[in-house]
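Engineer: Sharing a structure, written as structure tokens. Questions coming.
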Amino acid sequence: MMSFRSILAGTGGYLPERIVTNDELSRTIDTSDDWIRERTGIRQRHFAATHETTAFMGVAAARQALNAAGATAADVDAILLATSTPDQAFPATALRIQAALGVTRGFGFDLSAACAGFIYALSMADSLIKSGQARGVLVIGSEVYSRILNWQDRGTCVLFGDGAGAVFLRAVPVSEAGDKGVLSTHIHAQGTLGDILYVDGAVGQPDKPGHLVMNGREVFRHAVTRLAEAVDEALSANGLTRADVDWLVPHQANLRIIDGMGRKLNLPPERVVITVDRHANTSAASVPLALAEACTDGRVKPGDLVLLEALGGGLTWGSALVRF
Ligand code: UT7
């Protein structure tokens, strides 16, 4: 039986039109541009208008990823959407996206792993390709956290933004892939830590649409240790060292965490892709949005080794190593 590697053939992103600065937030919330920038690195975020739903933004990002890959709807076997803010409980928002893209076969589903969702979805997509169940997979992260923020809680509502990112994975026979493609993914979860970052409601709960709740300090503490472990795990699984990494594309939650990871890898700051200053934390969309930016502007070049990592509510975390 022929074995396949997942090649990351194209990337795409979408950000809502409306940009909201820290100063604008500080007009209605007891906060300041100084506090937000100093603690997080965030300068602004995008907030979705009513029509900019998770599906709408996911479709836009997916179209770009398909175009960049030179692929069409006919090449899509599966659509995996990482989101914590689906448009409806069901059908899966992935299938709204399937319909909008004009994909008429294959399968799709939503995957809930909060801010680590894209890494989880990439891992599942890679497994589908390696096992021969799909040859073309759209992996999307799309989120509208502005709809689940508690505007009375200044410790969380200033941290998040909306957006979508996508990649198209193509199955290529290992014999043709050379050293390119998804080299590894590692995903982890610890459900006992579910109460340090969660949404206190859901469609299935009476009178409780749900708002995001976070113990920032606890999440910060876990992020620093778990992500450092995840990076070491990814490198050692591939017999690679920190010096081999060309680009770090981290989850964009906090510049202080990102800087710490860059230092750990001994990467100069210009080798770390940063979008948190302009996008804030877009949860499952943050890694594919940052990756799309660095691929589209030409920073990531063929042959480059890119390390992706993320951590989110669950607790969930993981990493992926990709050779372009
Ligand atoms: O995407 C999932 C992963 N998420 C993360 O990785 C988030 C990890 N956590 C963090 O990034 C940080 O913990 C935060 C940015 C959320 C908070 O930073 P911190 O340095 O841990 O601040 P803190 O929550 O300990 O709050 C420090 C002070 C408090 O005042 P007192 O008690 O010292 O007087 C807060 O009340 O800052 C105050 N504060 C604010 N002040 C102005 C909290 N939020 C704000 C605000 N504006 N928006």
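Read the figures in this text as sums done on the coordinates, not as results from a lab. No experiment lies behind these values; they were computed from the predicted model shown. We place every Cβ from the backbone using ideal geometry, glycine too, and count neighbours over all the protein chains shown.
Engineer: Using modelled backbone amide H atoms (1.01 Å from N, in-plane), which distant-in-sequence or interchain residues come within less than 5 Å of residue 160's amide H?
Structural biologist: 281
Engineer: Further question on the same structure: Expressed in nm², what is the orientationally averaged projection area of the convex hull enclosing the Cα positions of segment 65-201?
Structural biologist: Mean projected area for segment 65-201: 9.9 nm², to one decimal.
Engineer: Further question on the same structure: Could you give me the ³J(HN,Hα) list for segment 303-308, computed from phi with Karplus coefficients 6.51, -1.76, 1.60 and θ = phi - 60°, whole Hz, x at Gly and Pro?
Structural biologist: Couplings: x, 5, 9, 10, 10, 10 Hz.
Engineer: Place a point 7 Å from Cα of residue 2 in the direction of its Cβ. Which residues in segment 115-129 have their backbone N less than 16 Å from it?
Structural biologist: From segment 115-129, the list is 129.
Engineer: Now a separate question. Determine by what factor the alpha-carbon radius of gyration of segment 178-324 differs from 2.2 N^0.38 Å, reporting the quotient.
Structural biologist: Output field value: 1.10.
Engineer: In addition: Taking amide hydrogens as modeled 1.01 Å from N in the peptide plane, which residues meet the under 5 Å criterion relative to residue 313, leaving out close sequence neighbours?
Structural biologist: HN-HN under 5 Å from residue 313: 115, 116.
Engineer: Working only with C-alpha atoms, what are the Rg and Dmax values of segment 248-324, expressed in angstrom?
Structural biologist: 11.7, 35
Engineer: Need the C-alpha centroid separation for segment 202-249 versus segment 107-151, integer Å.
Structural biologist: 15
Engineer: Find how many whole Å separate the alpha carbon centroid of segment 251-292 from the alpha carbon centroid of segment 309-324.
Structural biologist: If you average the Cα positions of each part, the centres end up 12 Å apart.
Engineer: Using alpha-carbon pairs under 8 Å, 6+ residues apart, how would you state the relative contact order of segment 92-152 in percent?
Structural biologist: Relative contact order, segment 92-152: 23 percent.
Engineer: Which number do you get for Rg(Cα) / (2.2 N^0.38 Å) in the chain?
Structural biologist: Dividing the Cα Rg of the chain by 2.2 N^0.38 Å gives 0.93.
Engineer: At a Förster distance of 30 Å, what's the computed FRET efficiency of residue 32 paired with residue 215, Cβ-Cβ distance as r, to 0.05?
Structural biologist: Computed FRET efficiency for residue 32 and residue 215 comes out at 0.85.
Engineer: On the principal axes of its Cα set, how long, how wide and how thick is segment 118-187? Give whole Å, largest value first.
Structural biologist: The principal-axis extents, from largest down, are 56, 18, 16 Å.
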